[in-house]
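Quick notes on the structure that follows.
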Amino acid sequence: MSKAITLQEFIMDAQAEFPFVSGQLTRLLTDIGVAAKIVNHQVNRAGLAGILGESGTQNSHEESQQKLDVFADRTFMRILTAGKSVAGIGSEEQEDFILCGDRGKLGKYVVMIDPLDGSSNIDVNVSIGTIFSIYRRVTPLGAALQNHDFLQAGTEQIVAGYILYGSSTMLVYTTGSGVNGFTLDPAVGEFFLSHPGMKFPDSGTIYSINDALLDAAPEAIKRFIAGCRDTKGVGLKGRYIGSLVTDFHRNLIKGGVYLYPSTKTNPQGKLRLMYECNPLAFIANQAGGLAEDDRGKILQKSPTHLHERSPFYVGSTNMMQALRSCWMASS
Ligand code: AHG
Ligand code: MN
Ligand code: MN
């Protein structure tokens, strides 16, 4: 019988394959795994611990923060700033970026994070997640970190991943050579490789959109959804949970497309480019899927500010190609 591979073993083996990679990235990925277990523990006992509900504070988007939002943010900040690998962190829950050790002079990497995704689902016990991505610093080591270290295009990501706190807890990530998923065994407190080489099925059958946005969405999106509904027996399914990580993960496994459109009142949509769209776009591409905004590829966008938003369409190639045809027919 073959031995189960732990996340730690997998990370170490990957480092051994690339001797030029320093131990700092290995250490950083390990730290993310540790923070994930701490947040997972708190998510699991949220009802018991009496920490459900709003914290009474707002984040930088003037959205009310849930208590678990604050807990997850603090946990990731505490663990990532304590390690020696991270120079700076951009968090959805913080107005400005955070500089680690001596104004970001030390540490090779910059982390972008949505500490708790889908927080409107916390109170109703529906799956939520964490999304992260890692970039190399641009400013040389030893110099203070600058804005442009944080405002890098998605093409510069070296790692992207998410944690899904669901019926089981999973950590899924890519370092640019495929996508691998690990499931937490709560009995031993370890993530084990459970989904090696994850791939979007080429032919998806699920479409995921907040239906209430459709009237205000671009013509191409209306046309696409009309096509999904009118499948003449092909049997497409509409599925929308309202936790991006969870909707993305289901579509990655079953095949489908997720759409968060631009609308008349929000031409940039709702989702954040740096914390949500770029990491999931990198994972999607590595899993053989496609990710775009209203104009085309999302990873090439040059961000102008940390909390920038973007329309986001991601999923299986057949459905993304059908969406592309709708943009062309509507232009
Ligand atoms: P967050 O909880 O990090 O603010 O993200 C919420 C996002 C995303 O998870 C989800 O897909 C989307 O908001 C849902 O938005 P609508 O309620 O507008 O559908
Ligand atoms: Mn989110
Ligand atoms: Mn969030």
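The values are calculated or read from the model by the stated rules, or taken from the named source; none is laboratory data. No experiment lies behind these values; they were computed from the predicted model shown. In this analysis, Cβ positions are derived from the backbone assuming ideal geometry, glycine residues included, and neighbour counts consider all displayed protein chains. What goes into the accessible areas is simple: the full protein's heavy atoms, side chains included, and nothing from ligands, DNA or RNA. Shrake-Rupley method; radii C 1.70, N 1.55, O 1.52, S 1.80 Å.
At-a-glance table
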item	result
Residue-span extension gain [Asp123 to Glu63] - 0.36 nm each, minus C-alpha spacing	20.0 nm
Mean Cβ neighbour count within 10 Å, used as a protection proxy, ranking 202-210, 256-264 highest first	256-264, 202-210
The chain: calculated mean residue ellipticity at 222 nm from DSSP helix runs of at least 4, using -39500 (n - 2.57)	-9500 deg cm²/dmol
Gain in span if fully extended, Gln24 to His41, counting 0.36 nm per residue against the direct Cα distance	3.5 nm
Dipole in debye (nearest 20) - the chain, about Cα centre, beta carbon charges: Lys, Arg +1; Asp, Glu -1	540
Theoretical gain in end-to-end length, Ile253 to Asn147 [0.36 nm per residue, Cα-Cα removed]	34.5 nm
Per residue, in Å², the accessible surface of region 7-195 once ligands and nucleic acids are set aside, probe 1.4 Å	43
Among the listed pairs Lys232/Lys270; Lys254/Lys297; Lys237/Lys301; Lys3/Lys108; Lys264/Lys297; Lys37/Lys301, those beyond 26 Å (Cα-Cα)	Lys232/Lys270; Lys237/Lys301; Lys3/Lys108; Lys37/Lys301
Zone residues, region 114-154, relative to Asp96, backbone N less than 16 Å from point 7 Å out along Cα-to-Cβ	144-151
Between region 200-267 and region 76-149, the alpha-carbon center distance in angstrom	30
Distance between modelled label sites at Arg239 and Leu214, nm, 7 Å Cα→Cβ extension	1.9
Accessible surface of the chain [probe 1.4 Å, protein heavy atoms]: carbon and sulfur percent	52
